[in-house]
Structures are given as C-alpha cells and as structure tokens.
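J.: Take a look at the following structure, please.
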Amino acid sequence: MTVQLVGSLRKELAESLSACRVLVVGAGGIGCELLKNLVLTGFKNIEVIDLDTIDVSNLNRQFLFQKKHVGKSKAQVAKESVLQFCPTANITAYHDSIMNPDYNVEFFRNFMLVMNALDNRAARNHVNRMCLAADIPLIESGTAGYLGQVTVIKKGLTECYECQPKPTQKTFPGCTIRNTPSEPIHCIVWAKYLFNQLFGEEDADQEVSPDTADPEAAWNPAETEARAMASEMDGDIKRISTKDWARSTGYDPVKLFNKLFKDDIMYLLTMDKLWKKRKAPLPLDWHKLESQVRPQDDVKAGGLKDQQVLGVWGYCQLFQQSIETLRSQLKEKGDGAELVWDKDEPPAMDFVTAAANLRMHIFSMNMKSRFDIKSMAGNIIPAIATTNAIIAGLIVMEGLKVLSGELESCRTIFLNKHPNLRKKLLVPCILDPPCANCYVCASRPEVTVKLNVHKTTVLSLQDKILKERFGMVAPDVQIEDGKGTILISSEEGETDANNGKFLSDFGIRNGSRLQSDDFLQDYTLLINVLHVEDLEKDVEFEVVGDAPDKAPTPPSNQEDANSIANGNKDSAQPSTSSNAPAEEDDVMFVDSDEAASSSSSAAAPTSSTKRKHLDDETGEASAKRPRTNQSHEAADADDDDDIIALD
C-alpha cells in the first residue's frame, strides 16, 4: 500500500515533485530520515548513493535498517525499506563513493536538486564543486548531538560550502605525544599509536617510545643513557622495535606494563630540562601496585559500565585482559598478521582506554571513562535520532522552496540545544552572497601559497596541497612559463618521474604561477607561489589568508555575548566557519558517524552581533563577519514563519 501525505501542497508543486529527479548523497542518520520524508512528501524519482555498509552501531537511529541488514549496503537497504512506504516510487541506489569519476558533471546535471547527508568534509567539498559546475541547487546539512543546520547553496546567489576558510585539522608534535603530554587527548593519541605499534601496521610517525631528539630537552645523551641503564636492565629491555620486543616476550602483559609505564617513564625523567617547569611524571610498577591493591581502588564512580572511571589497579587489570585477548586474536590470524584499531571492537577499545588512563595518571591528569575516551579517540559526537529527524524535515522544506522557484525565501536554519532568549530552538538566517575571494566559486579562483621551492616536491604539491588542502581529485598542473610545461598529469604514469623532484628543478621560484585543472570537478585554480626559506616547525606550506588558529576576542558586552550563543555555550554554528579556536577533544581522528554539515548547527544572532560557526569535523566554533542591520531585520521579520517557539 502506498503511503503519502496529501492536501498539504498546491497541485502544481505536487505534480512537480512527482516529475523531478533528486539526488541524495548519504544514507546514514540524516539520509534515512530524508529518504522517508521525500517519498511521503510525493517525490517519485530519487537516486541515493552511499559507500558505507550497515554496522550494528547504526541501528539505534538509522531506522530503515534492522539487525538482519548488518554488513549490507546502506544505499540498497535504504531503497528497499523506503519502497515499503511508497512502492510506486522510482528509486535507484548506488553502493559507491560520490567521488568516483563516473559521477561527473553530466551525471549531476540529470537532477533538479541535490541533497547532502554526508559525514566528512572531503565529500562535502566535492559535491559542492560538482553542483557549482553543473549549476544545480544543493541543500547542505549536518548534525552534532542536539545541534543541527540546513543551508541552501546556489551558484552565483549564495555562499558555497567553501566560501569561508575552515581551520585545518589539528595535530600534535611528536615530542608532545611521546614526552610531555599535558591533556587527556595527548594520552589517547599515544594509546592509539601504541595499539598500532604492538598489534597493527607499524608507522614511523607513530612512535611511542621517549623522543631523545626532543629539542626542548637539550640533555647529554651519553650521561643520561648511563643513568637509564638500570631501568633498561630491570625489564631486560633493548631499544628495538616495540613490536619485535613485545613478540620476544610473548606479549607478556606485566613486562609490557613495566616497559611502558615504568622503564620508559624513568628514561624520560633523565631528560632533566623537560621537568624544570613541569610536574615530573610518576612511574608505575606492576608488582608494587599489585601488593598495594585495595578493594576501593577498583571503582571511583558508579553508573553505567562505560561511564565508570576505574582506579589505577582497575585499569592495570583491564590492560592485562585486553592484551591477552588481542594476543589471541593475532595468534588466530597466523604469522605476520595485523589487527586494525576499531572503536567498536571491545578488546581494542579496552586497550586504548586502559593505556590512555594509566598514562594520564602518570602525568597527573584526571582519568576518563571508557565513554569519554571512545568519544575522543573516534572523534564521535553522540548522534541523536530526533536531531536527524528535525534536520531531514527542514531539508525537505527548503527543497520545496527551491522547486517552487522561491530561492529568495530560502534560509540557513540552525537548530540549537536550548531555546534562545526569544524561546526559539530553530533560528533562520538570510543566506549570504558568494565570497568574492572564494577559491572555489569566484569567477577566477586564485590563491597564494607560501612554500620552499627547494624543499617541496612535486608529489607533496599534488597530494598535500592540491588534493588534501584544496580538495582536488585528479589534478593536472602546468607551469605558466610561456611553454606550458606539464608538471602533473592525471593520466596514470605520465608524470610519475617528476614526483620526487623539487619544484625548483622545474624553474619554479618566487612569483611563479601554476594552473591546476580538475576536469572531473570542472574546476580550475591558479596558484601563485610565494617562496620562503623557513616556515614554522613541521609546516610544509601555508595558504595566504587561511583561517587563523584562534577566533577573535568575543564581545565584552554581556548582551552581545548571550546573543552569540543564544545564552548557551554549547550552541554550535554553521560550517562556513573560519577562525576557530582549537578544541582538543576533536582532533587527529575522523571516524565520526554523524558530523555536522557545513558545520553543525546553531545559534543565529538576535542583535547586530557576529554569528559563531562550528566546523563540521573539528567541532570548533568561530565568529563570522557581522551581518548588516538590514539583514538582521529581514531575518527577524521571517522568524515567525520559520521557527518553533517554546511558550
């Protein structure tokens, strides 16, 4: 039986819905709700694409899926489930990545409207560019816990997804992770590295042993090596590969414990200068802890198991149990096998929880619950089914405006965790016009990049600058030298010989210009090279005009401060965020199930103040430029039509 809402739409619009083709990108938390809403509203021709498969952790909020569907394609199962609401709908499902070259500009031109329900920035950037190239309206969305956002993007009329620069994902210096952690996230990163060093694929960039090259230490290696020898002999430890040493002990939990939490810490203590202005770490010894254990050490707080914080000995036992389980898993897989860290695998999560907490204790930090560590290690913001449902409903409402030809009435709508001072949870804002300097949607996209032409290789230009920083998929680069020298070709193997060469080898110097074309995205970017001899430590390049690491100082006026966050410090903001303060809990790993869209959502201004923004992956808030009074008045005039008021 077909189920459809009737009577709510005028006849012409209802007929338009049944004829138009729409593309839904993503079939997760928002996507499931959105697909259901579309068929119930009267959309008949829908195509949905998602590369993901169904996991048991999805079942609490992605209601189109059941336990029997675990392991199957999200897009395909979503299609089959939605057809039960409306068997006459014409739905096509693709179990694929939207970044596959098969889905080119011509593919996007088949649709009247594209709706994003994605969870990562790279895919959002790509769909944004494809819709600009095809001149198709895009509705962008995202959620982060109780926060959500929906916005409309139309070429030439509104800001695109990339109009405002977003801060790069934060990383930490290796010496901080290995020698001087000062925050829980540092210990969690160390524990994840340790998992890979012991059980997974070893990575030289993820070393966990003390960093003897730490420039801050400035110690005498010969002297301190001798002072550390006693510690080395206690555990019969030789400084070889962590995995090789662990194998030689048969993954003995006690020996591993004493190496990591006693011997290595004692070794760190020999680096005297590190501890002149810091509190020195306190080594742990398994046998001493075992002899001193008391029943009350096991649990510090009650409640749900995942939310308990154990005592030090409790984490020692968890460390032991998890290693024994992981050791068995390795043995079952055979010689040379490796494990992959997965936040949803209990032994792996137990190991990271125990190791991170023991290191926190050593460095005098408050230990965290398993739930908290999982959230930080997986960069997870808990997904709320109700938030997804509200945002999916708003997507359809904005879609109806677009299809009715009423783009001028479209809004960016923020869903807040708490009502603002006017008792409103949903706050609409007028769409911003395109940014004249946007390196994506400007009439002639152009950027300036600082780098050292004698140290930057062609491969780094391709992978780190063009693909990672500027979101290109298959760039072709030529030097504007009057000859049209081809530096990078998207044709496989054509310019591989250039990869290891430096830019200076091709005559590129200060003031050189490069033209980069991505034919899949129908996108051309001009790059001005600004040669500098030295950049900050561990920085390979810098985009001139990039978002700074910290937001401007917030307004001192109390009323303005309340307006920014609608009276709630947890309010999130739109994704077109620039200038965000670093938020330590949301770094290094991007495994989030539902990340806020163009940011995740949030508070709109209620007076002439700046609107804050939340970046979709980092969860970092920032302030955007002030809105004009006229824009505010228009937004306020619209408020009563687009919001829910709580009386």
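J.: I'd like the full set of residues that are under 33 Å from the mean Cα position of the chain (by Cα) and open to solvent by less than 50 Å² (accessible area, probe 1.4 Å), limited to region 490-511.
T.: Residues satisfying the conditions are GLY493, THR495, ASN498, ASN499, LEU503.
J.: Conditions first: (1) crowded, with 23+ Cβ neighbours inside 10 Å; (2) in contact (Cβ under 8 Å) with a residue 60 or more places away in the chain; (3) within 15 Å of GLY471 (Cβ to Cβ). GLN149 passes all but one, so which condition is the exception?
T.: Every condition holds for GLN149 apart from (3).
J.: Within region 378-392, how many residues turn out to be surrounded by fewer than 24 Cβ atoms within 10 Å (Cβ to Cβ) and out of contact with any helix residue (DSSP H, G or I) (no Cβ under 6 Å at 6 or more places or on another chain)?
T.: Quick first cut of region 378-392, residues surrounded by fewer than 24 Cβ atoms within 10 Å (Cβ to Cβ) only: 378-386, 389-390.
Those still in the list that are out of contact with any helix residue (DSSP H, G or I) (no Cβ under 6 Å at 6 or more places or on another chain) too: 378-382, 384-386, 390.
Looking only at that region, the number is 9.
J.: If we scan region 103-125, do we find a residue that is touching a residue at least 12 places away in the same chain (Cβ under 8 Å), closer than 22 Å to ALA474 by Cα and in contact with a Phe, Trp or Tyr (Cβ under 7 Å, 6 or more places away or on another chain)?
T.: Checking region 103-125: at least one residue is touching a residue at least 12 places away in the same chain (Cβ under 8 Å), closer than 22 Å to ALA474 by Cα and in contact with a Phe, Trp or Tyr (Cβ under 7 Å, 6 or more places away or on another chain).
J.: Of the residues LEU23, LEU35, which single one is under 30 Å from ASP522 (Cα atoms) and either without any contact (Cβ under 8 Å) to a residue 12 or more places away in the chain or in a helix (DSSP H, G or I) (or both)? Let's see the steps before the verdict.
T.: Working: LEU23 fails: either without any contact (Cβ under 8 Å) to a residue 12 or more places away in the chain or in a helix (DSSP H, G or I) (or both).
Just a single option satisfies the conditions, and that option is LEU35.
J.: Same structure again: Is it the case that some residue within region 516-527 is over 24 Å from VAL127 (Cα atoms) and of a type in the set (D, E, K, R)? Even if it seems obvious, please write down each step before you answer.
T.: Step one: of region 516-527, the residues over 24 Å from VAL127 (Cα atoms) are none.
Scanning region 516-527 turns up no residue that is over 24 Å from VAL127 (Cα atoms) and of a type in the set (D, E, K, R).
J.: Are any of the residues in region 76-86 surrounded by fewer than 18 Cβ atoms within 10 Å (Cβ to Cβ), modelled with pLDDT of 90 or more, assigned to a strand (DSSP E or B) and out of contact with any Phe, Trp or Tyr (no Cβ under 9 Å at 6 or more places or on another chain)?
T.: no
J.: How about region 107-126: which of its residues are over 20 Å from GLY471 (Cα atoms) and either surrounded by fewer than 17 Cβ atoms within 10 Å (Cβ to Cβ) or of a type in the set (A, V, I, L, M) (or both)?
T.: Result: ARG109, ASN110, MET112, LEU113.
J.: Could you tell me whether LEU289 is part of a loop (DSSP other than H, G, I, E, B) and either modelled with pLDDT under 90 or open to solvent by 30 Å² or more (accessible area, probe 1.4 Å) (or both)? Give the steps one after another, and end with the answer.
T.: Values: part of a loop (DSSP other than H, G, I, E, B): no; either modelled with pLDDT under 90 or open to solvent by 30 Å² or more (accessible area, probe 1.4 Å) (or both): yes.
Here the answer is no, as LEU289 does not meet what is asked.
Listed here are the residues, each with its yes/no results for (1) surrounded by 18 or more Cβ atoms within 10 Å (Cβ to Cβ); (2) in contact (Cβ under 8 Å) with a residue 12 or more places away in the chain; (3) among the acidic types (Asp, Glu); (4) under 21 Å from HIS531 (Cβ atoms).
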position	(1), (2), (3), (4)
HIS454	no, yes, no, yes
GLN462	yes, yes, no, yes
LEU466	yes, yes, no, yes
ASP476	yes, yes, yes, no
GLY484	no, no, no, no
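J.: Counting just the residues of region 92-104 that are more than 25 Å from the chain's Cα centre (by Cα) and at pLDDT 95 or above, which one comes out least open to solvent (accessible area, probe 1.4 Å)?
T.: Within region 92-104, the match that is least open to solvent (accessible area, probe 1.4 Å) is ALA93.
J.: Exactly one of these conditions fails for ASP342: (1) out of contact with any Lys or Arg (no Cβ under 7 Å at 6 or more places or on another chain); (2) touching a residue at least 24 places away in the same chain (Cβ under 8 Å); (3) in a loop (DSSP other than H, G, I, E, B). Give me its number.
T.: Condition (2) is where ASP342 drops out.
J.: Give just the number: which of (1) within 20 Å of MET397 (Cβ to Cβ); (2) modelled with pLDDT under 95; (3) open to solvent by 20 Å² or more (accessible area, probe 1.4 Å); (4) touching a strand residue (DSSP E or B) at 6+ places or on another chain (Cβ under 9 Å) does GLY29 not satisfy?
T.: Of everything listed in (1) within 20 Å of MET397 (Cβ to Cβ); (2) modelled with pLDDT under 95; (3) open to solvent by 20 Å² or more (accessible area, probe 1.4 Å); (4) touching a strand residue (DSSP E or B) at 6+ places or on another chain (Cβ under 9 Å), GLY29 misses just condition (3).
J.: Across region 226-270, what is the number of residues that are modelled with pLDDT under 90 and either within 20 Å of HIS361 (Cβ to Cβ) or among the small types (Gly, Ala, Ser) (or both)?
T.: 8
J.: Exactly one condition in (1) within 27 Å of ALA27 (Cβ to Cβ); (2) in contact with a Pro (Cβ under 8 Å, 6 or more places away or on another chain); (3) open to solvent by less than 10 Å² (accessible area, probe 1.4 Å); (4) not β-branched (Val, Ile, Thr) is not met by SER375; state its number.
T.: In the conditions (1) within 27 Å of ALA27 (Cβ to Cβ); (2) in contact with a Pro (Cβ under 8 Å, 6 or more places away or on another chain); (3) open to solvent by less than 10 Å² (accessible area, probe 1.4 Å); (4) not β-branched (Val, Ile, Thr), SER375 misses (3) alone.
J.: Could you count how many residues in region 105-133 are of a type in the set (D, E, K, R) and closer than 19 Å to GLY31 by Cα?
T.: First pass over region 105-133, keeping only residues of a type in the set (D, E, K, R): 106, 109, 119, 121, 124, 129.
From the residues that got through so far, the ones that are closer than 19 Å to GLY31 by Cα too are 119, 121, 124.
So the count comes out to 3.
J.: Provide a single number: the residues in region 393-422 that are farther than 14 Å from ILE139 by Cβ, surrounded by fewer than 24 Cβ atoms within 10 Å (Cβ to Cβ) and within 26 Å of the chain's Cα centre (by Cα).
T.: 2
The values are calculated or read from the model by the stated rules, or taken from the named source; none is laboratory data. None of these values were measured; they are calculated from a predicted model. Note that we place each Cβ from the backbone using ideal geometry, even for glycine, and neighbour counts take in every protein chain shown. Please note that ligands, DNA and RNA were not included when accessible areas were found on the heavy atoms of the full protein model with its side chains. Shrake-Rupley method; radii C 1.70, N 1.55, O 1.52, S 1.80 Å.
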